[in-house]
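Have a look at the structure below before the remarks.
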Amino acid sequence: MDPSRSEPSGQSTAGPAAWRREFPALDAPVHGRRLAYLDSASTALKPRAVIDAVVRVFTHQAGNVHRGVHALSEAATEAYDAARDDIARFLGGRPDEVVLTSGTTGALNLVAHSWGRAHVGPGDAVIATALEHHSNLVPWQALCAERGATLRIAPIDDRGRIDLEALAGLLDDRVRLVAVSQLSNVVGTIAPVAEIAALAHAAGAIVVVDGAQAVAHLAVDVAALGCDFYAFSGHKLFAPPGTGVLWGRRALLEAMPAWQTGGEMVASVDYARARLREPPHRFEAGTPNIAGVIGLGAAIRYLATLDRAAIARHEARLHARLREALAGEDRVRVLGAPEAAVVAFTVAGAHPHDVATIVDREGVAIRSGHHCAEPLHHRLGADASARASLALYNDDADIDALIAALARVREVLR
Ligand code: PMP
């Protein structure tokens, strides 16, 4: 058996305390305090199973993939190909629909540059929602500018929910594509993707889902979502950074031109021209992030050993506590009405960077800034915010630590 496919050891299925023990980054104190890591929406910590898989690549599977016939290359190729199968199973798709990319950003740019340039022309339109991360906004702005098309923004309400009626009103026969994130990285609202997909398809548009935040928290089934493309990043799913996935409907992928060209994506080449390989390989030019992809497969297999319904219940309970605790804090304003995983907030009289810096001294890691969603912050009447975000390894002590640290913020800034 391929050693990279061994499952994590220990009683990792047992519950929150056991899940926590699988993440060695939580063992090291920060500024002399127990670490309260509340920044998983930025990047998630890695479980032992992933760390071990990556170490194994560089010790036993150190060859290149799909190139050599020697033992190390074959070992790397076997583990790498197996990861694609794991990813397909995780998403409810087929391995030949899984394009391996550098991240969500790489995946969305692939759609914009390949599908977009082939299908969006002068006078056409693209819709993105007012919630989007820059990764699911700027590629569409650039595509529209290049192709003479128009970008339409689907509005949200003050809670951070997409206004479906308004979105439906923006859909007409000029719209080629609708871009939506399944779970907002700022307001933590969950988009009704299946409903949006039905509306978009009825108008003849395709739907691209940014799953960067959703994958670690919500059940993802691309068939049930009814989307045409689904993008996510490995590093938010407990895997190494520099890995990502674009799932696409097979028929769409088959009709798409290459974007980046080079080695590995060609079937045959002469000095004048190249014959391209079938998808997904057509979209995977050059040596990939071998250890990262194998680590992503390990992350998905690690998650498969856990009770994901129990994780969802644990996260939902913590999220409700976090939301209520922050909403009850003096001078704190929560942005929107978060439904899962993240809570973004401002503290009157304190810049979010100062808030994050002060709580860091107390061992609490949160994010500050506009979280790559500058237009959304302006829509919500804020320039920036602090953001606490959860993962399976968080517990009540983490939330208590944040609330105690916020009292410290008020003391320092008084
Ligand atoms: N979309 C959303 C909703 C995100 O939260 C992020 C990461 N913050 C991205 C896209 C971009 O992901 P990456 O930087 O891994 O490509």
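The values are calculated or read from the model by the stated rules, or taken from the named source; none is laboratory data. Computed from a prediction, not measured in an experiment: that's the story for all the values here. Backbone-built Cβ (ideal geometry, glycine too); neighbour counts: all protein chains shown. Note: accessible area is taken over every heavy atom of the protein model, side chains too, but ligands, DNA and RNA are not part of it. Shrake-Rupley method; radii C 1.70, N 1.55, O 1.52, S 1.80 Å.
Data table
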quantity	calculated
Leading residue by the ranking (surrounded by the fewest Cβ atoms within 10 Å (Cβ to Cβ)) among those in segment 167-205 that are within 11 Å of the ligand (Cβ to nearest atom) and of a type in the set (S, T, N, Q)	Gln182
Only listed residue being touching a strand residue (DSSP E or B) at 6+ places or on another chain (Cβ under 9 Å) and either at pLDDT 95 or above or surrounded by 22 or more Cβ atoms within 10 Å (Cβ to Cβ) (or both), chosen from Ala82, Ala118, Ala145	Ala145
Residues of segment 121-142 satisfying the condition of being among the hydrophobic types (A, V, I, L, M, F, W, C) and surrounded by 23 or more Cβ atoms within 10 Å (Cβ to Cβ)	Val126, Ile127, Ala128, Leu131, Leu137, Trp140
Filter result (more than 16 Å from Asp400 (Cα to Cα) and at pLDDT 95 or above) within segment 328-341	Arg333, Val334, Leu335, Gly336, Ala337, Pro338, Glu339, Ala340, Ala341
Segment 234-257 residues that are within 11 Å of the ligand (Cβ to nearest atom), paired with ones that are open to solvent by less than 40 Å² (accessible area, probe 1.4 Å) and part of a loop (DSSP other than H, G, I, E, B) (beta carbon under 6 Å, 6 or more apart)	Gly234/Thr243; Lys236/Ala44; Lys236/Ala212; Gly244/Gly103
Complete set of residues in segment 97-135 that are away from the ligand (no atom under 16 Å from the Cβ) and either in a helix (DSSP H, G or I) or among the charged types (D, E, K, R) (or both)	Glu97, Ser114, Trp115, Gly116, Arg117, Ala118, His119, Asp124
Matching option when the condition is touching a residue at least 60 places away in the same chain (Cβ under 8 Å), away from the ligand (no atom under 11 Å from the Cβ) and assigned to a strand (DSSP E or B), among Val208, Val220	Val208
Only one of Ile300, Ile366 that is in the same structural domain as Pro155 (by TED's automatic domain parsing), closer than 20 Å to Ala214 by Cα and modelled with pLDDT of 95 or more	Ile300
Failed item in (1) closer than 25 Å to Leu183 by Cα; (2) of a type in the set (Gly, Ala, Ser); (3) at pLDDT below 95, with Gly103 passing the rest	(3)
Single unsatisfied condition, Val55 versus (1) surrounded by fewer than 20 Cβ atoms within 10 Å (Cβ to Cβ); (2) touching a residue at least 24 places away in the same chain (Cβ under 8 Å); (3) more than 16 Å from the ligand (Cβ to nearest atom)	(2)
Residue check for Asp163: free of Cβ contacts under 8 Å to residues at least 60 places away in the same chain, at negative phi and among the acidic types (Asp, Glu)	yes
Evaluation of Arg367 against (1) open to solvent by 10 Å² or more (accessible area, probe 1.4 Å); (2) away from the ligand (no atom under 16 Å from the Cβ) (one fails), failing number	(2)
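For every residue, the table says whether it meets (1) in the same structural domain as His370 (by TED's automatic domain parsing); (2) free of Cβ contacts under 8 Å to residues at least 60 places away in the same chain.
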| site | (1), (2) |
| --- | --- |
| Pro29 | yes, no |
| Leu35 | yes, no |
| Gly63 | no, yes |
| Ala71 | no, yes |
| Glu74 | no, yes |
| Glu78 | no, no |
| Ile87 | no, no |
